[in-house]
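Inspection log for the structure reproduced underneath, given as structure tokens.
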Amino acid sequence: MLSELDSLKTEALAALGALHDEASLEAFRIDYLGKKGRLTALSARMREVPPEQKKDVGAKLNEVREAITSGLEVHLGALQAAKDAASVAGVDLTLPGRPADRGSLHPLTQIRDLAVRTLRRMGFTLADGPEIETEWHCFDALNTPADHPARNESDTFYLPDGRLLRTHTSSVQIRTLETVKELPVRIIAPGAAYRRDEIDATHLSVFNQIEALYVDHDVSLADLKGTLEFFFREVFGPKTAVRFRPHFFPFTEPSFEIDVKLEAKGREDRWIEIAGCGMVDPAVFASVSKTRGDLLFDPETVTGFAFGMGLDRLAMILHGITDIRHLIDNDSRFLRQFA
Ligand code: DAH
């Protein structure tokens, strides 16, 4: 039996040398090691082996099984290695990889997030309103009469039913005041605004604004000034100068335009107009009180401030962008600078 096992081993290892594909190696495995294979058949004959030889024969059986098994594995491994090598033939594995492009936020998104973050720190919460707006919310309730130039059809996108694409985010002031349940009201509303402007380096027909409104029993002009000075120094840097210039807006009284002067190196030393603001006109409180039918915003007892500005303009000033159209061109050479 010992010599039979030895010759089985020799025969098997010799046979292996001639096999070069997976199918024949599998057939070999079944032939020698399978349940009905030759080695299994020899093992079954252990029963006939006299007791004093069982130990030697058992050891031999194991030795032969291991030799055949590992011979088979070596051949299978070599076959796999050959396949791997063939599949990358002609590919230079030492070449550096191609770096993956990393995305980043659009400069407008960045400035909107900065503006929102800054105002949230002062207790403002986000509010929203529709971009297709009624004349009431966009104009009438904001104390803007029918003959006001902002309502000119040639400057505004009207729908056949009389609604329009909102010309400013100030309409969210009315949307908010008509629905809130209690004081104080302290909201910010970033969003799109629409005008039928000729498109040029400083005008688009769709642009972005952010609106703020604060209403309570004793909101003062000093609150407005402090809030805006803090805001612009957060956005443009601590040395930014902020100037309030008397102006007119229908929905605020008094009203101001705000100019900033940036302290950054390489900037020309000049005031840049950046936002409109003022104390909410009592006529606005009267409008929303009529709609609400209650006295939460009684013009005799509440005061408030509001301001609004273009986010595109904010981004342009912050980054020294000279043409607003860059912000919508989606040219990655431009956008990459803000990554
Ligand atoms: N809605 C104005 C505009 O689009 C900006 C503005 C001015 C908003 C004064 C305000 C404000 O809230 O008080 O030009």
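The values are calculated or read from the model by the stated rules, or taken from the named source; none is laboratory data. Bear in mind that the values here come from a model prediction, so they are computed numbers and not experimental data. Positions of Cβ are generated from backbone atoms using ideal geometry, with glycine treated the same way; all protein chains shown enter the neighbour counts.
What do you reckon, is residue 129 more than 30 Å from residue 34 (Cα to Cα) and in contact with a Gly (Cβ under 8 Å, 6 or more places away or on another chain)? When the stated conditions are applied, residue 129 passes them. Checking the range 295-315 against the condition returns a match, with at least one residue being away from the ligand (no atom under 16 Å from the Cβ) and closer than 23 Å to residue 258 by Cβ. Scanning the range 290-320 for residues that are assigned to a helix (DSSP H, G or I), of a type in the set (Val, Ile, Thr) and closer than 19 Å to residue 175 by Cβ yields a single hit, 291. In summary, residue 126 fulfils each of the numbered conditions (1) touching a residue at least 60 places away in the same chain (Cβ under 8 Å); (2) out of contact with any helix residue (DSSP H, G or I) (no Cβ under 9 Å at 6 or more places or on another chain); (3) surrounded by 10 or more Cβ atoms within 10 Å (Cβ to Cβ) with the single exception of condition (2).
Kindly indicate whether any position in the range 239-248 is of a type in the set (Val, Ile, Thr) and surrounded by fewer than 19 Cβ atoms within 10 Å (Cβ to Cβ).
Yes: one or more hits.
Only one entry in 182, 234, 257, 263 is closer than 17 Å to residue 311 by Cα and touching a residue at least 24 places away in the same chain (Cβ under 8 Å), namely 234.
The number of residues in the range 1-23 being in a helix (DSSP H, G or I) and farther than 18 Å from residue 70 by Cβ comes to 5.
Looking across 198, 178, 182, one residue alone is surrounded by fewer than 22 Cβ atoms within 10 Å (Cβ to Cβ) and either outside any loop (DSSP other than H, G, I, E, B) or of a type in the set (Phe, Trp, Tyr) (or both). It is 178. State which residue is nearest to residue 69 (Cα to Cα) when the search covers only the range 24-33 and only residues that are touching a residue at least 40 places away in the same chain (Cβ under 8 Å) and under 57 Å from the mean Cα position of the chain (by Cα). Within the range 24-33, the match that is nearest to residue 69 (Cα to Cα) is 29.
Take residue 224 and tell me if it is away from the ligand (no atom under 16 Å from the Cβ), surrounded by 19 or more Cβ atoms within 10 Å (Cβ to Cβ) and under 35 Å from the mean Cα position of the chain (by Cα). Here the answer is no, as residue 224 does not meet what is asked.
Taking the range 176-194, which residues are within 28 Å of the chain's Cα centre (by Cα) and over 24 Å from residue 232 (Cβ atoms)? Across the range 176-194, the qualifying residue is only 194.
Scan the range 97-125 for residues that are more than 18 Å from the chain's Cα centre (by Cα) and either outside any loop (DSSP other than H, G, I, E, B) or under 28 Å from residue 319 (Cα atoms) (or both) and jot them down. Even if it seems obvious, please write down each step before you answer.
Residues of the range 97-125 more than 18 Å from the chain's Cα centre (by Cα): 97-99, 118-125.
Matches in the range 97-125: 99, 118, 119, 120, 121, 122, 123, 124, 125.
Is it the case that the range 102-123 has a residue that's crowded, with 19+ Cβ neighbours inside 10 Å and within 15 Å of the ligand (Cβ to nearest atom)? Yes, some residue in the range 102-123 is crowded, with 19+ Cβ neighbours inside 10 Å and within 15 Å of the ligand (Cβ to nearest atom). The requirement of being more than 14 Å from the ligand (Cβ to nearest atom), modelled with pLDDT of 95 or more and either buried (at least 19 other Cβ atoms within 10 Å of the Cβ) or part of a loop (DSSP other than H, G, I, E, B) (or both) is fulfilled somewhere in the range 251-265, by at least one residue.
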